[in-house]
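Here's the structure we're looking at; comments come further down.
The values are calculated or read from the model by the stated rules, or taken from the named source; none is laboratory data. Model, not experiment: these values are computed from the prediction. Ideal geometry is used to build each Cβ from the backbone, glycine not excepted, and the neighbour counts take in all protein chains shown. Surface areas here come from the heavy atoms of the whole protein model, side chains and all, with no ligands, DNA or RNA. Shrake-Rupley method; radii C 1.70, N 1.55, O 1.52, S 1.80 Å.
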Amino acid sequence: FCEIEDPAVNQAPVKKYLHFWEKYKFRRIDMQYIQPALSGVQKPVHGLWLTVSASNGIADEIPVDVVLNVIADYMRYAMGIAVPACNEEYQKMARELSANASVRLLPLIGE
C-alpha cells in the first residue's frame, strides 16, 4: 500500500511518475482517500490516491476490512493517531467504504 498524488492535482507533464507505479503493478483503490492532518496546525490532505500492489495476485477487488485495517494501522503507527476510529477523516472513509464488502481496484493509467 502507498499514497501517490492524484494526477488531476499534480501538474507534472505526462504524469511520468504513474508509469513507475504501474511497472510495479500498483492499482488505485476506488475511494476518496483523505490523509489526516499531520499536526494540529495542518489540514487533512485531499488529492491523494491510496494504492496497492497487485503483484501478489490481487486483480479487481480488495476486501474493505483489509483497506480499513491498513488505514487504521498507518494512522496509529506512522501518524501517532491513538484511536483512528475517532478520527474524522477515518470515519468519512469508513462510511464511504462500508456499503460493500470489497472495493474495486482501478488502473493508474488509462481510466
- Query: When you scan segment 60-83, how many residues do you find that are over 21 Å from Ala37 (Cβ atoms) and touching a Leu at 6+ places or on another chain (Cβ under 8 Å)?
  - Reply: 4
- Message: If I ask for residues that are under 20 Å from Ser55 (Cβ atoms), within 13 Å of the chain's Cα centre (by Cα) and aliphatic (A, V, I, L, M), which ones from segment 87-111 would you list?
- Response: Val103, Leu105, Leu106, Leu108
- Message: Between a residue in segment 42-59 that is over 15 Å from Lys23 (Cα atoms) and touching a residue at least 12 places away in the same chain (Cβ under 8 Å) and any residue that is open to solvent by 50 Å² or more (accessible area, probe 1.4 Å) and assigned to a loop (DSSP other than H, G, I, E, B), which pairs come within a Cβ distance under 6 Å, given they are 6 or more apart or on different chains?
- Response: Gly47/Val9
- Query: Going by the structure shown, is Leu108 open to solvent by less than 50 Å² (accessible area, probe 1.4 Å) and in contact with a helix residue (DSSP H, G or I) (Cβ under 8 Å, 6 or more places away or on another chain)?
  - Reply: yes
- Task: Pick out the one residue from Tyr33, Tyr24, Tyr74 that is farther than 26 Å from Ala99 by Cα and aromatic (Phe, Trp, Tyr).
- Result: Tyr24
- Task: Would you please name the residue that is nearest to Gln42 (Cα to Cα), looking only at residues in segment 56-73 that are at pLDDT below 95 and open to solvent by 70 Å² or more (accessible area, probe 1.4 Å)?
- Result: Glu61
- Does Ser102 satisfy the criteria of being over 20 Å from Gln35 (Cα atoms), in contact with a strand residue (DSSP E or B) (Cβ under 9 Å, 6 or more places away or on another chain) and open to solvent by 60 Å² or more (accessible area, probe 1.4 Å)? no
- Message: For segment 36-53, which positions are surrounded by fewer than 19 Cβ atoms within 10 Å (Cβ to Cβ) and either under 16 Å from Tyr74 (Cα atoms) or touching an Asp or Glu at 6+ places or on another chain (Cβ under 9 Å) (or both)?
- Response: Ala37, Leu38, Ser39, Pro44, Val45, His46, Gly47, Leu48
- Message: Residues that are within 26 Å of Asn10 (Cβ to Cβ), without any contact (Cβ under 8 Å) to a residue 12 or more places away in the chain, in a helix (DSSP H, G or I) and of a type in the set (D, E, K, R): does segment 76-87 have at least one?
- Response: no
